[in-house]
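Derivation of every value follows stated rules applied to the coordinates shown; laboratory data play no part. Quantities reported herein were computed from a predicted structural model and do not represent experimental measurements. Backbone-built Cβ (ideal geometry, glycine too); neighbour counts: all protein chains shown.
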Amino acid sequence: MIDIHNHIIFGLDDGARSQNETKAMLKAAKQASIKVLVGTPHVRKEPLDPTLVMPRYEKTAEMAASLGIRFLMGAEVFHAVAMSMDKETLLRHCIQGTNTLLLEFSYDTLPANYEKLIIHLQRQGVNIIVAHPERYEVMQRNIEIPKRLVALGCELQVDAESLNGGFLSKAKKCAKQLIKQKLVHNISSDAHEKADYAVYAKIMKKYGDKLRHSYFLEDLK
């Protein structure tokens with residue numbers, strides 16, 4: 001299995017705070033039968049600083065390799081920051097070895113020009129995977145928006161925790177609707193701690209065979 005969205009690299013955001021926490025998360029990922037991990041620290045204000053990120057990535061990749069996990073660098077990039085990046089910087093924030101970018105929107109609003117935003121990024125040579133659309137209020141209210149994103153050539157990634165939510169969870173209701181309509185290409189952990197991988201394993205057993213084929217992630221398998 002492939003987990004393309006997590007916060008497992010220590011000391012970069014609100015995920016793992018130390019190497020020990022990263023190691024514990026990697027062990028939990030292995031128990032969840034994950035073979036490929038993409039570390040995706042938040043990029044919400046400015047591009048990642050390679051001098052800060054790369055030593056942490058390299059140490060995380062080393063620990064992952066010792067457990068038989070392939071670990072790649074990526075990022076979860078907020079749409080406004082992505083729009084400020086030139087082509088070279090955009091590609092540097094894509095999943096390692098690909099031109100695929102994990103893109104995040106605001107939870108309460110969507111840019112009025114979101115279609116132009118997507119097209120602009122695609123014209124820079126970037127494939128877009130939209131992170132957790134089920135958590136955005138506007139998409140919870142109107143499933144036609146994620147449908148439009150897929151029609152524009154985006155792929156959609158749903159969080160395992162959303163599908164684990166309570167009966168009244170709006171995110172869960174939306175995620176199930178997206179899966180039912182075959183709009184979801186990937187379920188990832190969005191893990192911030194080791195316990196998130198037990199949830200991921202449970203959800204993948206239930207929904208893993210109900211996903212739309214992901215062309216963007218073919219080379220990672």
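In the range 201-221, the residues that are acidic (Asp, Glu) form Cβ pairs under 9 Å with partners that are not in a helix (DSSP H, G or I), at six or more places apart or across chains, as follows: 219/97; 219/98. Filtered by the rule that a residue be closer than 19 Å to residue 78 by Cα, surrounded by 24 or more Cβ atoms within 10 Å (Cβ to Cβ) and hydrophobic (A, V, I, L, M, F, W, C), the range 150-162 gives 156, 158.
Applying the criterion of being charged (D, E, K, R) and more than 18 Å from residue 191 (Cα to Cα) to the residues of the range 60-105, the residue that is nearest to the chain's Cα centre (by Cα) is 92. The residues of the range 96-149 that are aliphatic (A, V, I, L, M) and not in a helix (DSSP H, G or I), listed by number, are 101, 102, 103, 110, 112, 126, 128, 129, 130, 131, 143. Of everything listed in (1) surrounded by fewer than 20 Cβ atoms within 10 Å (Cβ to Cβ); (2) touching a residue at least 60 places away in the same chain (Cβ under 8 Å), the single unmet condition for residue 142 is (2).
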